[in-house]
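Following: one structure in structure tokens, then a few remarks.
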Protein chains: 4
Amino acid sequence: MNLSTVLNEIYQEVNPLLGQGKVAKYIPALAKVDPLQFGMGVTLNDGTFYGVGAYKKGFSIQSISKVFSYTLALRAYQSALYKRVWREPSGNPFNSLVQLEYEAGIPRNPFINAGAIVVCDSLVSHFKNSVKALHKVIGFIHECSADKSIIIDDEVYQSEMEHGFRNIALANLMKSFGNFDNDVNGVLQTYFKHCSMVMNVQQLSRAMLYLANDGTDPISGKQFISSTLARRINSLMLTCGHYDASGDFAFRIGLPGKSGVGGGIVAVVPGKMSIAVYSPALNEHGNSLVGTKALELFTTKTGLSIF
Amino acid sequence: MNLSTVLNEIYQEVNPLLGQGKVAKYIPALAKVDPLQFGMGVTLNDGTFYGVGAYKKGFSIQSISKVFSYTLALRAYQSALYKRVWREPSGNPFNSLVQLEYEAGIPRNPFINAGAIVVCDSLVSHFKNSVKALHKVIGFIHECSADKSIIIDDEVYQSEMEHGFRNIALANLMKSFGNFDNDVNGVLQTYFKHCSMVMNVQQLSRAMLYLANDGTDPISGKQFISSTLARRINSLMLTCGHYDASGDFAFRIGLPGKSGVGGGIVAVVPGKMSIAVYSPALNEHGNSLVGTKALELFTTKTGLSIF
Amino acid sequence: MNLSTVLNEIYQEVNPLLGQGKVAKYIPALAKVDPLQFGMGVTLNDGTFYGVGAYKKGFSIQSISKVFSYTLALRAYQSALYKRVWREPSGNPFNSLVQLEYEAGIPRNPFINAGAIVVCDSLVSHFKNSVKALHKVIGFIHECSADKSIIIDDEVYQSEMEHGFRNIALANLMKSFGNFDNDVNGVLQTYFKHCSMVMNVQQLSRAMLYLANDGTDPISGKQFISSTLARRINSLMLTCGHYDASGDFAFRIGLPGKSGVGGGIVAVVPGKMSIAVYSPALNEHGNSLVGTKALELFTTKTGLSIF
Amino acid sequence: MNLSTVLNEIYQEVNPLLGQGKVAKYIPALAKVDPLQFGMGVTLNDGTFYGVGAYKKGFSIQSISKVFSYTLALRAYQSALYKRVWREPSGNPFNSLVQLEYEAGIPRNPFINAGAIVVCDSLVSHFKNSVKALHKVIGFIHECSADKSIIIDDEVYQSEMEHGFRNIALANLMKSFGNFDNDVNGVLQTYFKHCSMVMNVQQLSRAMLYLANDGTDPISGKQFISSTLARRINSLMLTCGHYDASGDFAFRIGLPGKSGVGGGIVAVVPGKMSIAVYSPALNEHGNSLVGTKALELFTTKTGLSIF
């Protein structure tokens, strides 16, 4: 199996699909992105990188950032975090608010918005204020991607803040249940800023390597999180990483992964490698349409699967 | 790693937990089961078996049967089956009926009751009538467990039929949406009968071996289902195998598995082995309390995990 | 106020609206009805009748029948009936099953299907079997309309039975909660047969007179139900009589009423009169489009309103 | 019928019930209220007042204020208001957020919190800012009660603002759907301040007289709202005035009414009188327990009912 060949084949095969799907429209900064882009990259646990297409093109990582903030919060609180955010898939998106209400303000998992907002709230508490919490998250992204040049797209951030009414609603609903400790505005700044980080697929595949290696960055040798907790993050990505298409992603691709509405998806092959893909047009579930297809082709061609 | 030692350690460690939890009460035949039982067994892909406790004690497999019927239906219909039953976790159990209604009679996955009933309906259509469909399911269980002595517990079956009003409701609701083709009563007979099969953990761990070996029984060499589809069944067990505690099971145990309210749980280590455990007292999610703990100890002690 | 003039004006004014809306399509026997029909009738408490349009044309009374069966059940059980069926509006129709599930099998009111089915179940228990229960309901309709010629439309009844899967689902769900005592099939026969009665607006306005007169038929002087309970039925018609448009009907028309998908609506002016209207094309809430408009014109022109 | 006698009888009969139910606990200012109080008052359309018990004791009118703000908004916007807030009962309270989400941010009626908040938002738009809007509402309360001494309880208001997270959530959810035009904080100040007005039952029964007289204050002769709209407000009080016990209130009492968690209830007998009652201990639906009973006794003893 030659990964360069595999990636090039994928690049050819997905090309006719570019143009299908739609880019995220809820904020202008995302709505104007060129939908025809595609990039894919693989970083092996020994650091070797294979890339194809626009693998150097930065994009808004959006919900992929939730993996980084959850890693930090889990490291800080260990199992005490589970009381504030569960580990169950959330089912149909239309249920988002009713489930939060029915389940007394405890989000089902850290990868839905309510859960990630609680995670950010816990980081603000842990690091004392929202500015420090944000710096810690950015610092962690710099560390695991081994790249300090990664920054926030301020236009995306401003757009998110201006259209964040539903997230303000979620935060206040949790506050009404006592599951929110800090100022809503400060926490949402941290939340939206880390969602607005810009990375390319090379950086992302590099950054996720610690989850392909039981919590320890295989290149620097630094342990970011314990082996047990790293496996648990992977299990969460498998069961909850792709909104209401998580089951389908697990079914078709068979790898832990996390997508973002910016068009990025990351996936992890435990013990072997990390994969990232970018194509901004989304399918009806809010996941990159071509990115999902590319990952399906990748596991079909390589036979890599955790199952 | 000596599996005999591991199983004996687990047996010691879970012993103090026996007495916690409650056996299923919804039918008399299950309510009267002795809650203090425990048995665990592992069958390696080469056929070697390790057992501890009551590993020869038969019990009602209940929802574990859904893995067998789904395998047959997937083999018969391939991806055409996906139109009738999806692959997504179902979220909170209180949503069961509303989700079915909201999603126009298409069950979220084949491991919730509505999904398994549709699977049985598809088998009745495929094999022409409900008696033949049942014989095919029983025949498949005999084949993959390599044991033709496995039979139905008629008392459990009768009990289920007498208390099956909710399942009749589910079937009729799906019929109102056009997702049910045969006589409700006949399909429910097939459904309840295959749920009422009696197996012990040795038989169950043997029977699941094809899912630990990409769809082919590693001992007989017979292919029961394609490699691709076997992996998809495993992914479904991971995301949907344990009712509303599926995420937690994946999080803590990290293996594809399926539980039943009879107190049994099966789990699969792809490429290596299949594990079954039995202890009839259930936790608040309807999964074997001691069985879940035993599997968590197993993966902790052996380091086996797909993540 | 000359009621003949009022009815004739209404007839003129609604004429341009005929052709809007759609007849009920869920069974063939209703789907083939001519949508352009209109009839309206008023019976005063002294027996005087005013009619316009097709006031002699019989139609399927459908859910209007629920007023009659509820009257009988309330007479038989008095307040003991409230334990089995509540008196609250049911909100959005999409909630029908989830509310029934969430509220443990107790329907919100007797005018939604689940509630009317429980009412029929209670009548089957009270009158010992489903045939006698049906005869009692038919007998009551004959008595309060003073017309023994009213019969069941057997084609509609057969159609309903063949398409009644959702109602079978509701009955079985209630049975699973212990709120259903008799054979589902027998109760549904009673239910569908009384829904399939054929009446015209003259007969219907006559039959409802006891509710315009505190429970006593003002013409025969027979008391059908106590004054207190008659007022309670009226309040139920006001709050729950028109599916999810009950609030709007109360808001715009201001009279207790009950509609059916056959295109009929009845309304009551306490102390004065009873009104019935027929036009089979329905609005988006399942109520007669022209019938609703005609009643709104009637209360606007006459100033009659309970508010 | 001597109303003094009726009120005195009621006072005797409800006395043994004082001590049942619980005062609202969600804010300290309400939690400390003495639960054993009772007062009741009737104002006839000619201005005659009958009172019993603590009819001069002021209390927090809470949701009763929604009748006043809705009257102003309906007067300002007429039927254009219906696009922003419907007229349907809302069903089970657990649905509050999901219904708002499912129905795209349009509250079901102006008497649930979401609806009253939208009404306040519409008043802020109409009167240009939140301070002027509040002054108009207070001015209207002064006018229809003919009492300019009525003021806001600032402690209650502060408490509400400090615990108003769920209402902030509702406002932001509506904003995310485009059904909220002004600054959330300003609108909520108006909302909470008008909920925090202090009135006694004499003032309240006087203030509601315009709704017992087709929109025109029978004493001053001033028309506050058209006859048609006054009747529509009455119909809304009947179908939606008492949270999820609105149907039961209509069923048992048979009058349009509105309750508040401060323990007050108002009711209207069209053409005749307005009634107010106060007793702060609430039943499980959040309505005054003794107040509801007192009104039921009132309609039983007097035979007054709109049905």
task: Just name the residue that is farthest from residue D:29 (Cα to Cα) out of those in region D:187-230 that are part of a helix (DSSP H, G or I) and of a type in the set (Gly, Ala, Ser).
output: D:227
message: Kindly evaluate residue C:198 against the criterion of being more than 14 Å from residue C:64 (Cα to Cα) and touching a Ser or Thr at 6+ places or on another chain (Cβ under 8 Å).
response: no
message: I need the full set of residues from region D:252-276 which are within 8 Å of chain C (Cβ to nearest Cβ) and either touching a His at 6+ places or on another chain (Cβ under 6 Å) or crowded, with 24+ Cβ neighbours inside 10 Å (or both), in order please.
response: D:254, D:256
query: Within the set of pairs 6 or more residues apart or between chains, which connect a residue that is of a type in the set (Val, Ile, Thr) inside region B:266-284 to a residue that is buried (at least 23 other Cβ atoms within 10 Å of the Cβ) and modelled with pLDDT under 95 with Cβ atoms less than 6 Å apart?
result: none
- line: Scanning region C:99-113 residue by residue, the ones that are open to solvent by 10 Å² or more (accessible area, probe 1.4 Å), within 13 Å of residue C:179 (Cα to Cα) and either free of Cβ contacts under 8 Å to residues at least 60 places away in the same chain or within 11 Å of another protein chain (Cβ to nearest Cβ) (or both) total 2
- prompt: Considering region B:241-250 alone, what residues qualify as being within 7 Å of chain A (Cβ to nearest Cβ) and open to solvent by 10 Å² or more (accessible area, probe 1.4 Å)?
  reply: B:244, B:248
message: Just to verify a result, which residue in region C:290-307, among those that are out of contact with any helix residue (DSSP H, G or I) (no Cβ under 7 Å at 6 or more places or on another chain) and of a type in the set (A, V, I, L, M), is nearest to the other protein chains (Cβ to nearest Cβ)?
response: C:306
message: If a residue must be of a type outside the set (Phe, Trp, Tyr), open to solvent by 60 Å² or more (accessible area, probe 1.4 Å) and either in a helix (DSSP H, G or I) or touching a Pro at 6+ places or on another chain (Cβ under 8 Å) (or both), how many such residues does region B:9-68 contain?
response: 9
message: I'd like to know if region B:219-237 contains one or more residues that are among the aliphatic types (A, V, I, L, M) and modelled with pLDDT under 95.
response: no
field: Filtered residue count, region C:188-202, keeping only those that are polar (S, T, N, Q), touching a helix residue (DSSP H, G or I) at 6+ places or on another chain (Cβ under 8 Å) and open to solvent by 30 Å² or more (accessible area, probe 1.4 Å)
entry: 1
- prompt: Just a yes or no: is a residue in region B:165-180 open to solvent by 40 Å² or more (accessible area, probe 1.4 Å), assigned to a loop (DSSP other than H, G, I, E, B) and within 14 Å of chain C (Cβ to nearest Cβ)?
  reply: yes
- prompt: Before we move on, is residue A:64 under 28 Å from residue A:174 (Cα atoms) and not small (Gly, Ala, Ser)?
  reply: yes
message: Filter region C:252-266 down to the residues that are in contact with a helix residue (DSSP H, G or I) (Cβ under 6 Å, 6 or more places away or on another chain) and among the aliphatic types (A, V, I, L, M) and list them by number.
response: C:253, C:261, C:265, C:266
task: Could you tell me whether any residue of region C:148-161 is buried (at least 20 other Cβ atoms within 10 Å of the Cβ), within 15 Å of residue C:120 (Cα to Cα) and either of a type in the set (Gly, Ala, Ser) or away from chain B (no Cβ under 12 Å) (or both)?
output: no
message: So residue B:223 passes all but one of these: (1) within 14 Å of chain A (Cβ to nearest Cβ); (2) farther than 30 Å from residue C:168 by Cα. Which condition number does it fail?
response: (1)
query: Right, residue C:212: of a type in the set (A, V, I, L, M) and at positive phi or not?
result: no
- prompt: Going through region D:231-262 one residue at a time, which ones are of a type in the set (Val, Ile, Thr) and either outside any helix (DSSP H, G or I) or within 11 Å of the chain's Cα centre (by Cα) (or both)?
  reply: D:261
query: Which of the following residues is within 24 Å of residue A:121 (Cα to Cα) and not small (Gly, Ala, Ser): A:18, A:3, A:36, A:74?
result: A:74
- prompt: Given the structure, is residue C:292 assigned to a helix (DSSP H, G or I) and over 18 Å from residue C:20 (Cβ atoms)?
  reply: no
- line: The lone condition residue C:77 fails out of (1) outside any helix (DSSP H, G or I); (2) open to solvent by 10 Å² or more (accessible area, probe 1.4 Å); (3) away from chain D (no Cβ under 14 Å) is (1)
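The values are calculated or read from the model by the stated rules, or taken from the named source; none is laboratory data. This structure is a prediction, so every number in the text was calculated from the model and none was measured. Quick reminder, even Gly has a Cβ in these numbers, built from the backbone with ideal geometry, and neighbours come from all protein chains shown. Just so you know, the surface numbers come from the protein's heavy atoms only, side chains and all, with ligands and any DNA or RNA stripped out. Shrake-Rupley method; radii C 1.70, N 1.55, O 1.52, S 1.80 Å.
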